[in-house]
Amino acid sequence: MNNKVTFLEIIKRLLKKVKLRTLLMLAILLSCNTFAWFIYATKVSNNISAYVRSWKVNFIVGDNNIEETLSFDIESVYPGMPDTEQVITAENDSDLRANLAYEIVSASILGETYTTDTMTSAEIEELIKIKYPFKLNIEIENGSMEAKGGKDNIKFNFTWPFESGDDELDTKWGYKAYQYKEENPDSKSIILIIKVTATQVNE
């Protein structure tokens, strides 16, 4: 009889252990499932309530859309040449206002090349103003564009009057321009690579 009682007690103890382990496992599984459901629910909630603002600015030259980089080229230069102008129009199709800016990436002038590897864009622009008798003017009309349909222009204007005010420079670079074209008939006298950027204005 004692043996039977002892055996039953052992079975009861084993059952208690199994139940305890089972309950622990169920509790762990339940908490994991609850946590997974919470993450899933949070993600769904964020996706439903989130509003992503669109961001798109088009750069247009003439009738053509361009990427951010533009080449401003002049076939040949000489004193008294007609003024050369090119306009980049930026159209803001975004939900946010945008600021417009430009950077001269490189300038090749009668075979001399300057790049932003060794100079800044501002330094290249300043060098062109000081070193040469011709004038290159780059102007942003407004600097900013309203959201949804706002526009702005970047204008490039190149002039070399017959009398620039410095006869020595006119003669020096007039001769160099002629010589360069004679030696490089298929090359453009001036090539500017310009990078145009639009940045979001967070309000």
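The values are calculated or read from the model by the stated rules, or taken from the named source; none is laboratory data. This structure is a prediction, so every number in the text was calculated from the model and none was measured. A quick note on method: Cβ atoms are made from the backbone with ideal geometry, for glycine too, and the neighbour counts reach across all protein chains shown.
Taking strands (runs of 3 or more DSSP E) as the structural unit, those lying wholly within the range 103-203 and holding at least 2 residues that are more than 16 Å from Gln86 (Cβ to Cβ), at pLDDT 90 or above and not aliphatic (A, V, I, L, M) correspond to 112-115.
If the condition is being within 22 Å of Glu139 (Cβ to Cβ) and surrounded by fewer than 15 Cβ atoms within 10 Å (Cβ to Cβ), then the range 100-126 contributes Ala101, Thr120, Ala122, Glu123, Glu126.
A residue that is over 16 Å from Ile154 (Cβ atoms), modelled with pLDDT of 90 or more and in contact with a Phe, Trp or Tyr (Cβ under 9 Å, 6 or more places away or on another chain) occurs nowhere in the range 85-100. Close Cβ contacts (under 9 Å, 6 or more residues apart or on different chains) running from residues in the range 141-159 that are within 30 Å of Asp170 (Cβ to Cβ) and assigned by TED's automatic domain parsing to the domain that holds Ile88 to residues that are among the β-branched types (Val, Ile, Thr) and assigned to a loop (DSSP other than H, G, I, E, B) comprise Phe158/Val77. With respect to the conditions (1) without any contact (Cβ under 8 Å) to a residue 60 or more places away in the chain; (2) in a strand (DSSP E or B), Thr89 lacks only one, and its number is (1). Within the range 102-129, residues that are at positive phi sit with their Cβ atoms under 8 Å from residues that are outside any helix (DSSP H, G or I) and crowded, with 16+ Cβ neighbours inside 10 Å, at 6+ positions apart or across chains, in these pairs: Leu110/Val77; Leu110/Ser189; Leu110/Ile190.
Return yes or no: is Ala27 surrounded by 10 or more Cβ atoms within 10 Å (Cβ to Cβ) and at pLDDT below 85?
yes
Selection within the range 127-149: residues that are within 30 Å of Phe162 (Cα to Cα), surrounded by 13 or more Cβ atoms within 10 Å (Cβ to Cβ) and aliphatic (A, V, I, L, M). The member of this set that is nearest to the chain's Cα centre (by Cα) is Ile140.
Given the criteria surrounded by 12 or more Cβ atoms within 10 Å (Cβ to Cβ) and either outside the structural domain of Ile74 (by TED's automatic domain parsing) or farther than 30 Å from Thr199 by Cβ (or both), does Asn184 qualify? The answer is yes for Asn184.
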